[in-house]
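Before any comments, here is the structure.
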Amino acid sequence: MFTGIVEAVGTIVESAGAGAAPGDGRRLSVETELPVADLPLGASIAVDGVCLTVVARGPGRFSADLGPETLARTTLGARRVGDRVHLERPLAMGGALGGHIVAGHVDGVGRIADARPRGDSRELDLIVPDELARYLVPKGSITVDGVSLTINTVAGSRFGVTLVPHTVAVTLLGTRPVGADVNIEADLIAKHVDRFVALYVGAQGVRT
């Protein structure tokens, strides 16, 4: 479990097939300033908002495998050596929930539709797949490339957010260009409520 508060920006130093066949996935190695000693084998870490498992580590770096589902549903399959990525370690029990509850299970890939300065802040408009539009709520939470953000405006599958100066300084979102793909995770609570309501309405329909 994560909170969407980016701890560090890492750099991909290796990207290679994880097995002999093309469908075996890919292994990413990331260089980081985070203390690798705190990332034992089997530990979880969020990379651009994607929960991955540490499978190898060395001085100042760790490796994680990307399965077919991760490659199909996130932007990590398109990342190349030299690309920089957001990193966050899991929330420790009793730790501060600085953002919101983030599972690291990306729902789909969105796109930056517009970006503009607003004083020292930056405003972004993003477009998500139509099936995720139902989870967009003004003043609700959303995770973009692992960053917890507050939704300001909603228009169909398009929503707007503001990056405050601190977010611009410590994350990569302020430099992502218009047209860039980003990982989107909708609010976990919104997804569960939507599911429960759908099941209830369905059950009511069967009885009537």
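The values are calculated or read from the model by the stated rules, or taken from the named source; none is laboratory data. Please read all numbers here as calculations on a predicted model, not as lab measurements. Neighbour counts run over all protein chains shown; Cβ positions are idealised from the backbone, glycine included. Keep in mind that these areas ignore ligands, DNA and RNA; they rest on the heavy atoms of the full protein, side chains included. Shrake-Rupley method; radii C 1.70, N 1.55, O 1.52, S 1.80 Å.
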Item to check | Residues listed by number, region 83-120, amide nitrogen under 12 Å from His166 label point at 7 Å toward C-beta | outcome: 98-99
Checklist entry - Helix-derived [θ] at 222 nm for the chain: sum -39500 (n - 2.57) over DSSP H runs of at least 4, divide by residue count, nearest 500? => result -4500 deg cm²/dmol
Item to check | Two-site label geometry, Val9 and Ala92: point separation in nm, points 7 Å out along Cα→Cβ | outcome: 2.6
Next on the checklist: At 0.36 nm per residue, and after removing the present C-alpha to C-alpha distance, how many nm does the segment from Ala133 to Ser44 gain when stretched out fully?
Outcome noted: 29.2 nm
Checklist entry - So how do Thr75, Thr153 rank on accessible area, 1.4 Å probe, biggest first, that is with the largest at the start? => result Thr153, Thr75
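Report the gain in length on full extension from Ala180 to Thr153: 0.36 nm times residue separation, minus Cα-Cα distance, nm rounded to one decimal.
Going from the current span to full extension adds 7.7 nm.
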Item to check | region 107-157: trypsin sites (Lys or Arg not before Pro) in DSSP loop, at most 13 other beta carbons within 10 Å | outcome: Lys139
Item to check | Gain in span if fully extended, Arg80 to Val201, counting 0.36 nm per residue against the direct Cα distance | outcome: 39.1 nm
Checklist entry - Once both axes come from the Cα atoms, what is the angle between helix 188-207 and the longest principal axis of the chain, in degrees from 0 to 90, rounded to 10? => result 40
